[in-house]
Amino acid sequence: MYKIFKGFTPAEVLLTIVIIAIIAVMTLPAVMQNFRHSEIETRLKKFYSTMENAIRLSQVDHGSSAQWDTTMAYNDIKSLYNWFDEYIMQYTKLLLNCNQNSNKKCLAEYSYCTIPDRCTTSTISTSSIMYIFLDGSSIVALTGGSTQISRRSFHIRFDINGAKKPNMLGKDVFSFRFKDGHLYCDDHKGTTGSGSVSISDSRETLISSCKSDPQTCTCLLMKDGWVIKKDYPY
């Protein structure tokens, strides 16, 4: 340190340190945001790849997804766990399978929202099924409607950091839909409750939808190749 400031007066040393500190304060938020975006992008890519690979392996053992069981009862948590255990999750590496698991991470109450007046709270152990991956990320799955069981359609919410906050759709929680043996982005406008989007829609349409219906933000990210661009709403 002495060699760096050799020849400087005390006032000049102090001024230099102050300038360095100001620059650090100004650039740190951007550095942290870039790191956060990189973490989200990496985990989303990994999750999507993991699930697609699990589906392919399951088709080797169970045949085409069109042949997979559709006899589960609507909103029956036990049968939903059994279905996912058999057809999907046994082909992934898990930290916790929350089926009959009393671990506190499996009993956490999550609030998935983007702004306070759109928050909805659900207790994972009673309303849906949950799995926690080795890296601490988790998924919550529930049926996509009583008439959709025959199509093997489920809503899947992927939380990149599990129970850690903010637990907000579009920020650290991303909504998918499993349907007919494939994993898609969740195209349903769940917040406003009407309509849907498509990954084939324009970016402008998807950005607008993401702002008002964060459940559809996954479609925007999927269209952008899992890259968070500067105009991403959250």
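Selection over segment 69-88 of residues that are hydroxyl-bearing (Ser, Thr, Tyr), in a helix (DSSP H, G or I) and closer than 12 Å to Leu142 by Cβ gives a count of 1.
Note on segment 153-186: residues that are within 19 Å of Ser65 (Cβ to Cβ) and open to solvent by 10 Å² or more (accessible area, probe 1.4 Å) amount to 7. Of note, Ser125 satisfies the criterion of being surrounded by 15 or more Cβ atoms within 10 Å (Cβ to Cβ) and modelled with pLDDT under 90.
Counting the residues of segment 47-58 that are out of contact with any Phe, Trp or Tyr (no Cβ under 9 Å at 6 or more places or on another chain) and either outside any helix (DSSP H, G or I) or farther than 17 Å from His155 by Cα (or both) gives 1. For segment 70-88, which residues satisfy the criterion of being of a type outside the set (Ser, Thr, Tyr) and either surrounded by 15 or more Cβ atoms within 10 Å (Cβ to Cβ) or at pLDDT 80 or above (or both)? Selection gives Met72, Ile77, Lys78, Leu80, Asn82, Trp83, Phe84, Asp85, Glu86, Ile88.
The values are calculated or read from the model by the stated rules, or taken from the named source; none is laboratory data. Because the structure is a prediction, the values reported are computed rather than measured. Heads up, the Cβs are rebuilt from the backbone with ideal geometry, glycines too, and the neighbour counts pull from every protein chain shown. Please note that ligands, DNA and RNA were not included when accessible areas were found on the heavy atoms of the full protein model with its side chains. Shrake-Rupley method; radii C 1.70, N 1.55, O 1.52, S 1.80 Å.
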